[in-house]
Amino acid sequence: MQLYSANLSPYASRARLAIYAKGLPVEIQYPPGGMKSPEYLLINPMGKVPCLHLDDGSSVPESTTILEYLEDAFPQTPLRPKDPAKAARVRLIGRVTEMYVMEPLHHLFDQVNPETRDAKRTEALLEEMDNGLGRLEHYLSDDAYAAGPELTLADCEIFPVLFYVQAIGPAFGRGDMIAKHPKLAAYMTSVAKHDAVAKVHAELGAALKVFMSGGGVT
């Protein structure tokens, strides 16, 4: 199997985190010819990452779908609880993050440049994201990981997003926007101790540094 990925992508980072945590023998590489190349569009017509290319020649795109596929195909190192209520909490945490944190964060990237920034829209997006962080904190466990005492798919979904929340705050003079949410702040410290999370954290940090220096997407 190959995972087509870009280290800068929070979505691709979710898939890499699950692969590392499960110890799967998956080859990870940038899309051949780039995301919009004819070669890659034959594999994934959306022209995005991540995309999991299976040994039978078929492909599984979209990060959440990949996470679920890996969990179903490789249950030996589970990242999804068997208990229905606990599994629902894992999915809920990922959903809250996607709808109420990632959605405004995505639009904030368009406002980073002070010269083209819409101040009113930026403030509204920052407020929306901060509210989303509060909602996420409500559902976060008091343990070391998002949904309990063990790493789960919830951590795969939310950690890369929270990395960018921390990274983007200073661009708008807000500093670390997670710091005002005690459970989230404690979570970011505790989850980073997991080897798979630490690896993804390093990849995201290195890729963001390259991008900010004008080196493009890696």
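A few points about this structure:
- Among the residues of region 128-152, those identified as part of a helix (DSSP H, G or I) and under 17 Å from the mean Cα position of the chain (by Cα) are 129, 132, 133, 136, 137.
- Evaluation of residue 165 against the conditions (1) over 22 Å from residue 77 (Cα atoms); (2) surrounded by fewer than 22 Cβ atoms within 10 Å (Cβ to Cβ); (3) not hydroxyl-bearing (Ser, Thr, Tyr) shows that the sole unmet condition is (2).
- Scanning region 41-67 for residues that are in a strand (DSSP E or B) and either closer than 14 Å to residue 156 by Cβ or out of contact with any helix residue (DSSP H, G or I) (no Cβ under 7 Å at 6 or more places or on another chain) (or both) gives 52, 61.
- In region 1-55, the residues that are of a type in the set (A, V, I, L, M, F, W, C), touching a residue at least 24 places away in the same chain (Cβ under 8 Å) and touching a Pro at 6+ places or on another chain (Cβ under 7 Å): 3, 12, 15, 49, 51
- Only residues that are open to solvent by 80 Å² or more (accessible area, probe 1.4 Å), part of a helix (DSSP H, G or I) and more than 15 Å from residue 165 (Cα to Cα) were counted across region 87-122, and they come to 5.
- The single condition from (1) free of Cβ contacts under 8 Å to residues at least 40 places away in the same chain; (2) under 18 Å from residue 112 (Cβ atoms); (3) of a type outside the set (Val, Ile, Thr) that residue 198 fails is (2).
- Whichever residue in region 172-218 is of a type in the set (A, V, I, L, M, F, W, C) and open to solvent by 50 Å² or more (accessible area, probe 1.4 Å) and, among such residues, is modelled with the lowest pLDDT: 217
- Criterion: aliphatic (A, V, I, L, M), touching a residue at least 12 places away in the same chain (Cβ under 8 Å) and in contact with a strand residue (DSSP E or B) (Cβ under 7 Å, 6 or more places away or on another chain) - qualifying residue of 162, 204, 140, 151: 151
- Among the conditions (1) assigned to a helix (DSSP H, G or I); (2) surrounded by fewer than 17 Cβ atoms within 10 Å (Cβ to Cβ), residue 20 misses just one, which is (2).
- Test: residue in region 141-148 that is surrounded by 24 or more Cβ atoms within 10 Å (Cβ to Cβ) and either under 24 Å from residue 22 (Cα atoms) or at pLDDT below 95 (or both): yes
- Cross-chain or 6+ apart pairs with Cβ under 6 Å, region 169-191 first and without any contact (Cβ under 8 Å) to a residue 60 or more places away in the chain and under 20 Å from residue 106 (Cβ atoms), then assigned to a loop (DSSP other than H, G, I, E, B) and among the small types (Gly, Ala, Ser): 169/175
- Scanning region 68-86 for residues that are of a type in the set (A, V, I, L, M, F, W, C), free of Cβ contacts under 8 Å to residues at least 60 places away in the same chain and either buried (at least 17 other Cβ atoms within 10 Å of the Cβ) or not in a helix (DSSP H, G or I) (or both) turns up 70, 74.
- Taking the conditions (1) within 26 Å of residue 81 (Cα to Cα); (2) surrounded by 13 or more Cβ atoms within 10 Å (Cβ to Cβ) in turn, residue 54 satisfies each one other than (2).
The values are calculated or read from the model by the stated rules, or taken from the named source; none is laboratory data. Just so it is clear, the model here is predicted, and its values are computed rather than measured. No Cβ is skipped: glycine too gets one built from the backbone with ideal geometry, and neighbour counts run over all protein chains shown. Ligands, DNA and RNA are excluded from the accessible area calculation, which covers all protein heavy atoms including side chains. Shrake-Rupley method; radii C 1.70, N 1.55, O 1.52, S 1.80 Å.
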